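Just so it is clear, none of the values below were taken in a lab; they were calculated from the coordinates. Keep in mind that this is a model prediction, so the values were computed, not measured. Here the Cβ positions follow ideal geometry from the backbone for every residue, glycine too, while neighbour counts run over all protein chains shown.
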């Protein structure tokens, strides 16, 4: 079953199924920290009218197959914007895979304590605020939601354009819980690493303990794969805050004109992070801390 598209919410392309093999040894317990699922049942799980795009069905089975093909033993599901605050399908997938998956939800400020507790039990460890796509909860809810989840050990995840960060800095610096910025700031890399937005992101990572995801290269580059102009951008963030980075495929790559290959996106890490020990940190150790996966042991080079 497909979801009905509208003029303002065109259909997305389907994801690539046969993905490129790894060009480096993917460590055990590696984590893809950013992906989405979309149920094939459009009746039980309807999309919201104010969405920005209309996804193809990308159910749990396809998602888990992608993780397997990409060598990722763990994954983090992020509530997709087209479902608004209806987290039911994501929570269903999390509950079926408690050891392997964690989640980031989307809720309104009036969410009940009981609902938050149920989400925590299902594996949710953060809430997303989204000002780029229809269906999201905006920054006006930031302080209220932060107060609700800080004692739960959760984090806030922000989908915004880093060019917004300088004017938001007075509010952002008052937050006392972990904050994750999606897709390396989701601003065009052609703006350069000296742009005030990128410098603000780097400052928040290095000086305020924030996080970002080494994801979405295809969203911030105007060049085709392997997105060579993203390398300096990514490596600057890696140098600034290696303990505050996770990697994500952003599968199924919604709202793009050219569909990327999740395997090629994983392989960017070989160029961005040549050192295997540091790659282990980004793929294993850092997501363990951020999402509360069980800690692993063993040598980063042999695990």
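Residue 287 is checked against (1) assigned to a helix (DSSP H, G or I); (2) more than 17 Å from the chain's Cα centre (by Cα); (3) in contact (Cβ under 8 Å) with a residue 60 or more places away in the chain; (4) within 30 Å of residue 150 (Cα to Cα) and fails just one. What number does that condition carry?
(2)
Name the residues in the stretch 259-284 that are without any contact (Cβ under 8 Å) to a residue 60 or more places away in the chain and either surrounded by 21 or more Cβ atoms within 10 Å (Cβ to Cβ) or in contact with a helix residue (DSSP H, G or I) (Cβ under 8 Å, 6 or more places away or on another chain) (or both), would you? Talk me through it step by step, then tell me what you get.
Restricting attention to the stretch 259-284, the residues satisfying the condition of being without any contact (Cβ under 8 Å) to a residue 60 or more places away in the chain are 265, 268, 271-275, 277-278, 281.
Correct list: 265, 268, 271, 272, 273, 278, 281.
Which one of the conditions (1) touching a helix residue (DSSP H, G or I) at 6+ places or on another chain (Cβ under 6 Å); (2) farther than 26 Å from residue 27 by Cα; (3) buried (at least 16 other Cβ atoms within 10 Å of the Cβ) does residue 229 fail to meet, given that it meets all the rest?
It is condition (3) that residue 229 fails.
Would you confirm whether any residue within the stretch 82-101 is part of a strand (DSSP E or B) and under 29 Å from residue 281 (Cβ atoms)? Give the steps one after another, and end with the answer.
If we filter the stretch 82-101 for residues that are part of a strand (DSSP E or B), which is where we start, we get 101.
Of the ones still in play, those that are also under 29 Å from residue 281 (Cβ atoms) are 101.
Yes, the stretch 82-101 contains at least one residue that is part of a strand (DSSP E or B) and under 29 Å from residue 281 (Cβ atoms).
Would you mind finding the one in 25, 68 that is free of Cβ contacts under 8 Å to residues at least 12 places away in the same chain and either under 22 Å from residue 215 (Cβ atoms) or surrounded by 24 or more Cβ atoms within 10 Å (Cβ to Cβ) (or both)?
Working: 25 fails: free of Cβ contacts under 8 Å to residues at least 12 places away in the same chain.
Result: 68 is the single residue among 25, 68 that is free of Cβ contacts under 8 Å to residues at least 12 places away in the same chain and either under 22 Å from residue 215 (Cβ atoms) or surrounded by 24 or more Cβ atoms within 10 Å (Cβ to Cβ) (or both).
Scanning for something under 20 Å from the mean Cα position of the chain (by Cα) and within 18 Å of residue 127 (Cα to Cα), does the stretch 187-208 turn up at least one residue?
For the stretch 187-208, residues under 20 Å from the mean Cα position of the chain (by Cα) and within 18 Å of residue 127 (Cα to Cα): absent.
Among (1) under 20 Å from residue 19 (Cβ atoms); (2) without any contact (Cβ under 8 Å) to a residue 60 or more places away in the chain; (3) assigned to a helix (DSSP H, G or I), which single condition is residue 224 missing?
(3)
Within the stretch 181-198, count every residue that is over 21 Å from residue 78 (Cα atoms) and either in contact (Cβ under 8 Å) with a residue 12 or more places away in the chain or buried (at least 16 other Cβ atoms within 10 Å of the Cβ) (or both).
The initial filter retains those residues of the stretch 181-198 that are over 21 Å from residue 78 (Cα atoms), namely 188-198.
Add one more test, that the residue is either in contact (Cβ under 8 Å) with a residue 12 or more places away in the chain or buried (at least 16 other Cβ atoms within 10 Å of the Cβ) (or both), and what stays is 188-191, 193, 195-198.
The number of residues fulfilling the criteria is 9.
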